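Just dropping this structure here.
The values are calculated or read from the model by the stated rules, or taken from the named source; none is laboratory data. Remember, predicted model here, so these are calculated numbers, not experimental data. Ideal geometry is used to build each Cβ from the backbone, glycine not excepted, and the neighbour counts take in all protein chains shown. Each accessible area value is taken on the protein alone, full model and side chains, heavy atoms only, with ligands, DNA and RNA left out. Shrake-Rupley method; radii C 1.70, N 1.55, O 1.52, S 1.80 Å.
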Amino acid sequence: MLDRRNLLIGTGAAVAALGAAAAPAAATGEDVTRVLLQEHPSPAPGWDTAQTLVEIPRGEASGRHSHPGVEIGYLVRGEVRMEFDDDRPPLRLRTGDPFFIPTGVIHNAVNTGRETTMMLSTYVVEKGKPLVTTY
């Protein structure tokens, strides 16, 4: 199963550690939450699946991070500017928009709306690797 030590749940120092590398466009505070909803072995050998619910308060950011597999997400509520460290332009996402993050791509979700953003993300990741790597 996944290494839960590197999945940020709730608030506090673990989430604050993301703030050190956050884009200057938004603060990364201790109020960002990631809750692991479920995790299961993938049908593909050597892979796991996991699903999280992420909430980012107004004006906050998730912090720069990557995953050892794909992230398939859906914006349940709010507005986000998804920033990438590679050459791709930022994505502007609103309630109801889906998104896809390729394996290993460093990204940062910045809440640009007027309410707490809620994202549902499903991951298919390499077995034994941490779900989130922060930068």
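Take the residues of the range 47-85 that are open to solvent by 40 Å² or more (accessible area, probe 1.4 Å) and over 13 Å from the mean Cα position of the chain (by Cα): which is nearest to residue 108 (Cα to Cα)?
The extreme case among them is 85.
Another question, if that's okay. Restricting to the range 105-120, count the residues that are closer than 14 Å to residue 134 by Cβ and in a strand (DSSP E or B).
Of the residues in the range 105-120, 3 are closer than 14 Å to residue 134 by Cβ and in a strand (DSSP E or B).
Pairs under 6 Å by beta carbon, first residue more than 13 Å from residue 61 (Cα to Cα) and touching a residue at least 40 places away in the same chain (Cβ under 8 Å) in the range 102-119, partner in a strand (DSSP E or B) and open to solvent by less than 40 Å² (accessible area, probe 1.4 Å), six or more apart or different chains?
Listed pairs, sorted by first residue: 106/66.
Considering only the range 42-68, state which residues are in a strand (DSSP E or B) and closer than 18 Å to residue 103 by Cα. Step through it out loud before you land on a result.
Here is the first cut: in the range 42-68, the ones in a strand (DSSP E or B) are 47-56, 60-61, 65-66.
Correct list: 47, 48, 49, 50, 51, 52, 65, 66.
Follow-up question, since we're still on this one. Going residue by residue through the range 86-104, is there one that turns out to be open to solvent by 60 Å² or more (accessible area, probe 1.4 Å), assigned to a strand (DSSP E or B), on the phi < 0 side of the Ramachandran plot and of a type in the set (A, V, I, L, M)?
Step one: list which residues in the range 86-104 are open to solvent by 60 Å² or more (accessible area, probe 1.4 Å), which gives 86-92, 94-95, 98, 100, 103.
Of the ones still in play, those that are also assigned to a strand (DSSP E or B) are 91-92, 94, 98, 100.
From what's left, on the phi < 0 side of the Ramachandran plot: 91-92, 94, 98, 100.
Within this subset, residues satisfying the condition of being of a type in the set (A, V, I, L, M) are 91.
Scanning the range 86-104 turns up at least one residue that is open to solvent by 60 Å² or more (accessible area, probe 1.4 Å), assigned to a strand (DSSP E or B), on the phi < 0 side of the Ramachandran plot and of a type in the set (A, V, I, L, M).
Let me ask something else about it. Consider residue 17 carefully, then state whether it is open to solvent by less than 70 Å² (accessible area, probe 1.4 Å) and modelled with pLDDT under 95.
Values: open to solvent by less than 70 Å² (accessible area, probe 1.4 Å): yes; modelled with pLDDT under 95: yes.
Judged against the criteria, residue 17 is a match.
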